[in-house]
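The values are calculated or read from the model by the stated rules, or taken from the named source; none is laboratory data. Given the structure is predicted, the values throughout are model-derived calculations rather than measurements. No Cβ is skipped: glycine too gets one built from the backbone with ideal geometry, and neighbour counts run over all protein chains shown. Only protein heavy atoms, including side chains, enter the accessible area calculation; ligands, DNA and RNA are left aside. Shrake-Rupley method; radii C 1.70, N 1.55, O 1.52, S 1.80 Å.
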Amino acid sequence: MNKLTDDIEQIIITERQIEERVKQLAKEINNYYNGNPIIAVFVLKGSAFFASDLIRWLNMHVVIEFMSVSSYGRDTVSSGKLTIKKDVDSEVKGKDILIIEDIIDTGVTLSGLKEMFKQRGAGDIKVVTMLSKPSRRIVEFEADFTGFEVPDVFVVGYGLDYADKYRNLPYIASLKKHIYEQPNQ
Ligand code: PRP
């Protein structure tokens, strides 16, 4: 029987490191908002774990919203084109938005999302991401709050997937090469 952990090459960020960094990020975010209420946008699916851990440490009123988008930035030169698969339910006009992501890679998704909320008339728009891979950017984009910068290695766990698997690992790890080099296995 192939277990989840059999496919792991190396743990890159441990459960303990994640837990500590989440609390530090929450402190930074609490200081920034100073009690002002926000709408926290969970960008599905990857951010669900990080976002639900993070918002438990926030000290202001938080309305949660879920969004699901896909970007075609990796295949096209024209960036910022997002397809919305699931939109937020509430009116964002004039509201302060905190977009919560698991990873920023090319930057296309987040720059597109931020622009979309701007066009809808949201107030202050900030982005927090658990991970960032700066070396992969094709559009200039930096989050306002970043958990960890990681090199360009294939990472899974704590929400991050490969072929929709491995999200339920409690840590962030690299995957054995043969797994992603044989996508049908
Ligand atoms: C990941 C991640 C971001 C996006 C970042 O989502 O959660 O939304 O990719 O990539 P970018 O910076 O290159 O745009 P993904 O499309 O893998 O969906 P998932 O969260 O459902 O796994």
message = Rolling a 1.4 Å sphere over the protein heavy atoms, what is the accessible area per residue of segment 1-133, to the nearest Å²?
response = 53
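Normalised by the empirical 2.2 N^0.38 Å for globular proteins, what value does the Cα Rg of the chain take? Mind dumping the intermediate values first?
Details: Rg = 16.5 Å, N = 185, 2.2 N^0.38 = 16.0 Å.
Relative to the rule-of-thumb radius for its length, the chain sits at 1.03.
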Karplus-derived 3J(HN,Hα), 6.51/-1.76/1.60, for each residue of segment 29-36, Hz, glycine and proline x = 5, 4, 5, 5, 7, 6, x, 5
query = What is the Cα centroid distance between segment 1-34 and segment 140-171, reported in whole angstrom?
reply = 9
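Counting only DSSP beta bridges with both residues in the chain, tell me the antiparallel percent, nearest 5. The partial results should precede the final answer.
Numbers: 13 of 35 bridges.
About 35 percent, rounded to the nearest 5.
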query = Can you give the percent of C-alpha pairs in segment 1-71 whose distance is more than 13 Å?
reply = 72
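When the Kirkwood radius is taken over all Cα pairs of segment 86-137, what Stokes-Einstein diffusion coefficient follows at 20 °C and 1.002 mPa s, in µm²/s?
After rounding, the answer is 184 µm²/s.
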ask   = What percentages, rounded to whole numbers, describe P(r) for segment 23-126 computed over all alpha carbon pairs with 5 Å bin width beginning at zero?
value = 2, 12, 23, 25, 20, 11, 5, 1, 0
Sequence-separation-based contact order of the chain, relative, with Cα cut under 8 Å and 6+ spacing, percent = 24
key: J(HN,Hα) series, segment 133-148, from Karplus relation 6.51 cos²θ - 1.76 cosθ + 1.60, nearest Hz, glycine and proline x   = 10, x, 5, 9, 4, 10, 10, 6, 7, 10, 6, 6, 9, 10, x, 9
inquiry  = What would the Debye equation give as log₁₀ I(q)/I(0) for segment 3-43 at q = 0.14, 0.26 Å⁻¹, counting only Cα atoms as equal point scatterers?
reply    = -0.54, -0.95
ask   = Considering only Cα-Cα distances, which of the following residue pairs are longer than 30 Å: 114/177; 85/165; 85/133; 81/165; 45/176?
value = 114/177
message = Can you pull out the trypsin sites (Lys or Arg not before Pro) in segment 96-130 whose DSSP state is coil and whose Cβ has at most 16 other Cβ atoms within 10 Å?
response = 120
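222 nm [θ] for the chain, helices only, -39500 (n - 2.57) per DSSP H run of 4+, per residue, to 500? Provide the component values of the computation, followed by the final result.
Details: 4 runs with 44 residues, N = 185.
The per-residue figure over the chain is -7000 deg cm²/dmol.
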request  = Enumerate the amide H contacts of residue 9 below 5 Å, restricted to partners 5 or more residues apart or on another chain; note that Pro and chain-start residues carry no placed amide H.
outcome  = 174, 175, 176
request  = With springs only between Cα atoms under 10 Å apart, run a GNM on the chain and tell me which of 51, 163, 40 wobbles the most.
outcome  = 163
key: In order through segment 98-111: 3J(HN,Hα) via Karplus (6.51 cos²θ - 1.76 cosθ + 1.60), integer Hz, x for Gly, Pro   = 10, 8, 10, 10, 8, 8, 10, 10, 6, x, 5, 4, 6, 5
task = Report the local net charge at residue 99: Lys and Arg +1, Asp and Glu -1, summed over other residues whose C-beta lies under 12 Å from its C-beta.
result = -4
